[in-house]
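Below: the structure, in structure tokens.
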Amino acid sequence: MEGINFGTQELKLIDRSNLTLSGVNKIVSFDDEEFLIETIMGNVRLLGEGLELLKLDTNDGNVKIKGKINSFTYIDGKVKDKSESMLNKLFK
């Protein structure tokens, strides 16, 4: 996908506890330990403890999350809803 410009994405992390991310298309799923987020630059998996969604601006694509941030990773492939994958595991 070189040469294609999807827009600009900005990640701001303050003291490992306050995260602001732009370029968000949607939050696929989240709980207090994991956020799965679809962004203009790819799918993101955020892991931590006591994670809480502070702000979601769907018009501008901005998200603010607080809690202890342990990892922020871009992942390849389609992000699956956690509840969907749990059901698939049950019925295998």
Check your understanding: R0 = 25 Å: FRET efficiency of Leu56 with Arg16, Cβ-based, nearest 0.05?
Key -> 0.75
**Study point:** Segment Phe72-Thr8, extension gain: residue separation times 0.36 nm, minus the distance between their alpha carbons
**Key:** 21.3 nm
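Values quoted throughout were computed directly from the atomic coordinates according to the rules given, and no laboratory measurement underlies them. Being a predicted model, the structure only gives us computed values, none of them experimental. Backbone-built Cβ (ideal geometry, glycine too); neighbour counts: all protein chains shown.
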